[in-house]
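K.L.:
Questions regarding the structure given below will be posed in turn.
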Amino acid sequence: MEENPAIRRLSDWSETRLRGLADEYDTPLYVTDLDRVRENYARILDAFPDAEVLYAVKANAGRDVLSAVADAGAGAECASAGEVERAVAAGFDPEDVHYTAVNPPAEDLDYVVDLAEEEPALTITAGAADTVDRLAERGFDGRFCLRVHPGVGAGHHEDVATGADAKFGVPGDRAAAVVEQAQDYGMDVVGVHAHVGSGVSNDDLESHRRVVEYLAEVVSTLPVDLEFVDVGGGFGVPYHESEEPLDLDAVADNVRSALAGVDAQLVVEPGRYFVADAGVLLTEVNTVKADPAGETLIAGVDAGMTTLIRPALYDAYHPIANVAADAADRSVEPTSVVGPVCESADVLGENRDLPLVERGDLLAVGNAGAYGIEMANQYNSRPRPAAVALEAGDASLARRRETVADITDTEVWQA
Ligand SMILES: Cc1ncc(COP(=O)(O)O)c(C=O)c1O
Ligand SMILES: N[C@@H](CCCC[NH3+])C(=O)O
């Protein structure tokens, strides 16, 4: 049987291959291994053989990733009309697409309601009575799923502990009323949904279980037989070398026991788990200096918070390696890796033990496949990086490097 390890560490990538890709495509460069994406999907199916699995497109909406995931047979969970459009264009069948509306702009509702008229198997999830009204105003009478606010959150950072954030979903004691409201408008109420948060670890199993139990209690109050119960995504992956992989079987056991009395199809919608360890960010050292305040070296690189915002936004840890050809022969020095953006928060990794950095060295930043290129931005007029996809060992350009013209092309001005 094919080896299917629960985690791919940064050290598992071929350094020779990474250097070759940087030479060919330049840096900063995202590399995504689509075979690893498929393996990750297979591991989700192993743990949840009885579930419908939707890929949370927000983790990485690249056409290469979406096509690979659609071909592998997963559905798609989309957070915006743009994600729906990209998912369908990449090959997802609309009947496998759920659009999760969060305070949706009018254009999003216009788009998805029009699409649902053409493709009635599309599912729209909403977590506010106002959204139900706004869907009805547009004539929507299709497949509707209610998002519930469980009041319990978990995740790698408090800002992604979605289940505790009242912005998302309807409290359980209002759920029946909103379901009736949707039914009164003629909508077909097919499911309920809750999401605990993003980056669930083995320490969060209890919170995850409580959210699913809450959902089961809500289901028992609803005046409708449901087709499915969507328990969200959020399955975490180890970022730090010392972290253990999430026990996905334990998560699945908890979900099954919490939903034991519920007669409906289980749906899960992970994003990070599909893509995080399938991605690496390559960046080149352009500046080396001593930090006058301490003992560390500072390695200035060509990627920063505009390329990978997670360290600046959540204080997130990403492993970093110096993959220079002769790195193994060098002394190891405490090093902070910082980007080119004019912000003190522009740090990719602080005080890391790295082989002595030299100008021109290639560094690899691990676990960059989820919420990496997807959250890249153009602050400081810095064009977003290129992305390369690996498949069966072959590399191909998945997204070209932006230019300053890509940034200014949308500007309107009179001379
Ligand atoms: C509603 C919903 N579903 C799925 C996800 C996917 O989360 P993750 O990438 O952590 O699996 C998110 C993000 O937290 C979400 O908000
Ligand atoms: N963007 C977050 C995940 C949040 C997902 C949105 N619900 C991260 O990088 O970890």
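K.L.:
Enumerate the pairs (first residue in the stretch 47-60 and near ligand 1 (Cβ under 8 Å from one of its atoms); second residue anywhere and assigned to a loop (DSSP other than H, G, I, E, B) and among the aromatic types (Phe, Trp, Tyr)) with beta-carbon separation below 9 Å, excluding pairs fewer than 6 apart on the same chain, so at least 6 apart or on different chains.
P.N.:
Lys58/Tyr371; Ala59/Tyr371
K.L.:
Turning to a different aspect of this structure: Would you pick out the residues in the stretch 236-247 that are touching a residue at least 40 places away in the same chain (Cβ under 8 Å) and over 16 Å from Gly155 (Cβ atoms)?
P.N.:
Glu241, Glu244, Pro245, Asp247
K.L.:
Out of all the residues in the stretch 71-89, is one or more crowded, with 24+ Cβ neighbours inside 10 Å, at pLDDT 95 or above and more than 13 Å from ligand 1 (Cβ to nearest atom)?
P.N.:
yes
K.L.:
Next up: Just checking, does the stretch 254-261 include any residue being within 16 Å of ligand 1 (Cβ to nearest atom) and out of contact with any Lys or Arg (no Cβ under 7 Å at 6 or more places or on another chain)?
P.N.:
Within the stretch 254-261, one or more residues are within 16 Å of ligand 1 (Cβ to nearest atom) and out of contact with any Lys or Arg (no Cβ under 7 Å at 6 or more places or on another chain).
K.L.:
Still on this structure: Given the residues Thr287, Thr307, which is the only one that is of a type outside the set (Lys, Arg) and either at positive phi or under 18 Å from the mean Cα position of the chain (by Cα) (or both)?
P.N.:
Thr307
K.L.:
Here's a follow-up. In the stretch 155-203, which residue that is assigned to a helix (DSSP H, G or I) and of a type in the set (Val, Ile, Thr) is surrounded by the fewest Cβ atoms within 10 Å (Cβ to Cβ)?
P.N.:
Only one residue tops the list, namely Val160.
K.L.:
Please give the helices (runs of 4 or more DSSP H) falling wholly within the stretch 235-318 in which 3 or more residues are among the aliphatic types (A, V, I, L, M).
P.N.:
Of the helices (runs of 4 or more DSSP H) lying wholly inside the stretch 235-318, those with at least 3 residues that are among the aliphatic types (A, V, I, L, M) span 248-258.
K.L.:
Does the stretch 204-230 hold any residues that are of a type in the set (Asp, Glu) and either within 15 Å of ligand 1 (Cβ to nearest atom) or modelled with pLDDT under 95 (or both), and which are they?
P.N.:
Of everything in the stretch 204-230, those that are of a type in the set (Asp, Glu) and either within 15 Å of ligand 1 (Cβ to nearest atom) or modelled with pLDDT under 95 (or both) turn out to be Asp204, Asp230.
K.L.:
Another question about this same structure. Go through the stretch 365-415 and give me each residue that's of a type in the set (Phe, Trp, Tyr) and within 20 Å of Val57 (Cα to Cα).
P.N.:
Result: Tyr371, single match.
K.L.:
Considering only residues that are among the polar types (S, T, N, Q) and within 23 Å of Ala22 (Cα to Cα), look in the stretch 287-309 and name the one that is surrounded by the fewest Cβ atoms within 10 Å (Cβ to Cβ).
P.N.:
Step by step, filter the stretch 287-309, then rank; the result is Thr287.
K.L.:
Asn286 passes all but one of (1) touching a helix residue (DSSP H, G or I) at 6+ places or on another chain (Cβ under 6 Å); (2) not assigned by TED's automatic domain parsing to the domain that holds Asp225; which number fails?
P.N.:
Condition not satisfied by Asn286: (1).
K.L.:
Could you list, in sequence order, all residues of the stretch 352-397 that are farther than 20 Å from Cys342 by Cα, touching a Leu at 6+ places or on another chain (Cβ under 7 Å) and of a type outside the set (Gly, Ala, Ser)?
P.N.:
Val357, Leu362, Val365, Val388, Leu390, Glu391
The values are calculated or read from the model by the stated rules, or taken from the named source; none is laboratory data. Since we're looking at a predicted model, the values are computed, not measured. Note that we place each Cβ from the backbone using ideal geometry, even for glycine, and neighbour counts take in every protein chain shown.
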